[in-house]
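**Student:** Below are the structure tokens for one structure; questions will follow.
Values quoted throughout were computed directly from the atomic coordinates according to the rules given, and no laboratory measurement underlies them. Since the structure is predicted, the reported quantities are computational estimates derived from the model, not experimental observations. Neighbour counts are summed over all protein chains in view; Cβ atoms, including those assigned to glycine, are modelled from backbone coordinates with ideal geometry.
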Amino acid sequence: MSTHTCDSFIVSCIDFRFQKYIQKWLSKNMKGKKYDYVGFAGGVKDMKTIMGQLKISVDLHHIKQAILINHEECGAYGKLSTHDRHEKDLKKAKKLVEKTYPQLKVTLFYLHLDGKFEKIK
Ligand SMILES: [Zn+2]
């Protein structure tokens, strides 16, 4: 059994255009913290896959927080990549995570093309 732990589980899209913003945000907001970071096309679009990854993070690393990041102009969403749709999917993902792991704090972000992180409440 593994005994190493970390603070957070972070999901974002694979889109290369956003990686520099995410890395910058992480180095600022997760400074000194450890996290599991996974990238999937569409961010939280495929929650079935993400829940599998999250389970491993919870079971092995006893994380306290999940940070879910979707972004503007996401190719995995295509024409459906609207602010409303991303907000809806992020909130739905949060509900599912909270229902499955009530101990986790879930934070949502919508990442704009210019690198701005918009917190979704
Ligand atoms: Zn994307």
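**Student:** Residues in the stretch 39-58: is at least one aromatic (F, W, Y), under 14 Å from V11 (Cα atoms) and in contact with a helix residue (DSSP H, G or I) (Cβ under 7 Å, 6 or more places away or on another chain)?
**Tutor:** Looking through the stretch 39-58, at least one residue is aromatic (F, W, Y), under 14 Å from V11 (Cα atoms) and in contact with a helix residue (DSSP H, G or I) (Cβ under 7 Å, 6 or more places away or on another chain).
**Student:** Still on this structure: Of all residues in the stretch 63-99, which are surrounded by fewer than 20 Cβ atoms within 10 Å (Cβ to Cβ), of a type in the set (S, T, N, Q) and under 16 Å from the mean Cα position of the chain (by Cα)?
**Tutor:** Matches in the stretch 63-99: Q65 only.
**Student:** Related question: So G42 fits all but one of (1) in contact (Cβ under 8 Å) with a residue 24 or more places away in the chain; (2) over 12 Å from the mean Cα position of the chain (by Cα); what number is the exception?
**Tutor:** Result: G42 fails condition (2) only.
**Student:** Within the stretch 41-85, which residues are under 14 Å from Y110 (Cα atoms) and part of a strand (DSSP E or B)?
**Tutor:** Result: I67, L68, I69, N70, H71.
**Student:** Within the set of pairs 6 or more residues apart or between chains, which connect a residue that is over 12 Å from N70 (Cβ atoms) inside the stretch 9-21 to a residue that is surrounded by fewer than 23 Cβ atoms within 10 Å (Cβ to Cβ) and of a type in the set (D, E, K, R) with Cβ atoms less than 8 Å apart?
**Tutor:** From the stretch 9-21, the pairs are F9/D36; I10/D36.
**Student:** Still on this structure: Considering only the stretch 47-62, state which residues are within 13 Å of the chain's Cα centre (by Cα), among the hydrophobic types (A, V, I, L, M, F, W, C) and surrounded by fewer than 17 Cβ atoms within 10 Å (Cβ to Cβ).
**Tutor:** Matches in the stretch 47-62: M51 only.
**Student:** Considering only the stretch 10-40, state which residues are in a strand (DSSP E or B) and away from the ligand (no atom under 16 Å from the Cβ).
**Tutor:** Y35, D36
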